[in-house]
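Structure record follows, encoded as C-alpha cells.
The values are calculated or read from the model by the stated rules, or taken from the named source; none is laboratory data. Remember, predicted model here, so these are calculated numbers, not experimental data. Positions of Cβ are generated from backbone atoms using ideal geometry, with glycine treated the same way; all protein chains shown enter the neighbour counts.
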Amino acid sequence: MGRKSPYPAEFRNDAVALYRAAGGKRTYAAVAADVGVTGETLRSWVRQADELAGRGTRGERAVESRDEELARLRAENDRLRKAEREWELEREILRRAAQYFAAEMRA
C-alpha cells in the first residue's frame, strides 16, 4: 500500500464504526471532522474494512463480479455498435441532403 498509518488500528476501527452508526445520515466529511481526519481518509478506512469483511468469499465474489462485468460490457458493446450503425445512417442521410441542396443552389 504505502507508508504505515499514524493512526492505531483501534482508532481506525472506531472511526469506521462511528460512520456506520450514522446509518448514511452523515457524510464521510462530517464524521471525519468529528474524528479529526479528512473525509478521504475515513472513506479509505471504510473501504478497507469492507474488503476485510468480505475476504472469506472473495474468490467466489471475484468470479461472480467478473462474469457480471463481462455481461455488462458485452451489453454495452452491443448498444454502442447499434448506436454507431444508427449514426452512420444519419450521416449518410445528411450527406445526401447536403448534396441535394447543393445541387438545388447551383440550378
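When the residues of region 1-11 are filtered to those that are surrounded by 10 or more Cβ atoms within 10 Å (Cβ to Cβ) and modelled with pLDDT under 90, which remaining residue is nearest to the chain's Cα centre (by Cα)? Among those residues, the one meeting the criterion is S5. Applying a threshold of 8 Å to beta carbon distances and a minimum spacing of six or more residues, or different chains, the list of pairs starting in region 39-53 at a residue that is without any contact (Cβ under 8 Å) to a residue 60 or more places away in the chain and ending at one that is not in a helix (DSSP H, G or I) reads G39/T27.
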